[in-house]
Amino acid sequence: GAAPYLRFWEQPGERERARVEEAMRLLGICHLKGKAVTRMSGGEHQLCRLARAVVQDAGFLVLDEPAAALDYRRQREFMELLRALAHGSGKGVLLSVHDPNLALSVADDLVLLHERRVLACLRREEGGEKEFYDALLRAFRVIYGPRLAFAETESGVCAFWKEEPTCSP
């Protein structure tokens, strides 16, 4: 991750190593230090890629399905890390996700795409919370169908599938 800051043939020094250590601590992956990439799980490798971006001190991160290789717990942790990076360091984070609950859990702004076009652009802070979720539900139903619904939980709003009515003769 420090390569953009080094001159041609320059090796990483103490400053770069300290930045790597800090990024590993931030992401909770110190146990991966020295582990060959070929021996890492997909999730471990994804966390290492994020650490590289942190070391590069990129002002904006563009991530396509960044949690796809992670188990459920690690997905949540990874998304919370991204949210903390965006809010704590002022970094911009643009995510492409297919899971509405991942989007709901971390996004401040949502751009919903459907059939190669922008279906809706929604910002949590505009209007009221009810208006935001009503507009979001309408857009999600265009994408996912009318059975999608929202439920309020202890940790926020989540999307779920309503049961189909059963037909009796």
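The values are calculated or read from the model by the stated rules, or taken from the named source; none is laboratory data. None of these values were measured; they are calculated from a predicted model. Cβ sites come from the backbone with ideal geometry, for glycine too, and all protein chains shown count toward neighbours. Just the protein is used for accessible areas: all its heavy atoms, side chains included, with ligands, DNA and RNA removed. Shrake-Rupley method; radii C 1.70, N 1.55, O 1.52, S 1.80 Å.
GluC sites (Glu not before Pro), restricted to segment 1-66: which are DSSP loop and have at most 16 other Cβ atoms within 10 Å?
Numbers: sites: E10, E14, E16, E21, E22, E44; in loops: E10.
Hits after loop and neighbour filter: E10.
With all protein chains present, how much of the accessible area of the chain (probe radius 1.4 Å) comes from carbon and sulfur, to the nearest whole percent?
The computed percentage sits at 53.
By how many degrees, 0 to 90 and rounded to 10, does the Cα axis of helix 14-27 deviate from the longest principal axis of the chain?
The angle comes out at about 30 degrees.
Only loop residues by DSSP count here, and only those with at most 10 other Cβ atoms within 10 Å; note down the trypsin sites (Lys or Arg not before Pro) in segment 59-128 that meet that. All intermediate terms of the calculation are to be shown ahead of the outcome.
Values: sites: R73, R74, R76, R83, K91, R116, R117, R123, R124; in loops: K91, R116, R124.
Those that pass, being in a loop and sparsely packed, are R116.
What net charge do the residues around H31 carry, taking every other residue with its C-beta under 14 Å from that of H31, with Lys and Arg at +1 and Asp and Glu at -1? Please report the intermediate quantities before stating the final value.
Numbers: positive: R25, K33, K35, R39, R74; negative: E21, E44.
It works out to a net charge of +3.
Under the rule of -39500 (n - 2.57) per DSSP H run of 4 or more residues, summed and divided by the residues of the chain, what mean residue ellipticity at 222 nm is obtained, to the nearest 500 deg cm²/dmol?
Values: 5 runs with 70 residues, N = 169.
Result for the chain: -13500 deg cm²/dmol, rounded to the nearest 500.
In percent, what relative contact order does segment 50-123 have, based on Cα pairs under 8 Å that are 6 or more apart in sequence?
On the way: 67 pairs, mean separation 20.6, N = 74.
Normalised by residue count, the contact order of segment 50-123 is 28 percent.
Determine the distance separating the Cα centre of segment 110-143 from the Cα centre of segment 1-66; give it in Å without decimals.
34
Which option, (1) 23, 21, 15; (2) 38, 18, 14; (3) 30, 22, 17, is the value of semi-axes √(5λ) of the Cα gyration tensor in Å that was calculated from these coordinates?
Calculated semi-axes √(5λ) of the Cα gyration tensor in Å: the matching label is (2).
Only bridges whose two residues both fall in segment 31-169 count here: according to DSSP, what percent of them are antiparallel, nearest 5? Mind showing how you got there, number by number?
On the way: 12 of 17 bridges.
Taking every DSSP beta bridge with both residues in segment 31-169, the antiparallel ones total about 70 percent.
For helix 42-56, report the angle its Cα long axis makes with the longest principal axis of the Cα atoms of the chain; keep it between 0 and 90° and round to the nearest 10°.
Between helix and principal axis, roughly 60 degrees.
I'd like to check one number: the per residue accessible area of segment 107-169, probe 1.4 Å, reported in Å² as a whole number. Show your work: numbers first, answer last.
Details: 4910 Å² over 63 residues.
Per residue, segment 107-169 has 78 Å² of solvent-accessible surface.
Can you give the angle from 0 to 90° between the axis of helix 129-144 and the longest principal axis of the chain, with both taken from C-alpha atoms, to the nearest 10?
The helix 129-144 is inclined about 90 degrees to the chain.
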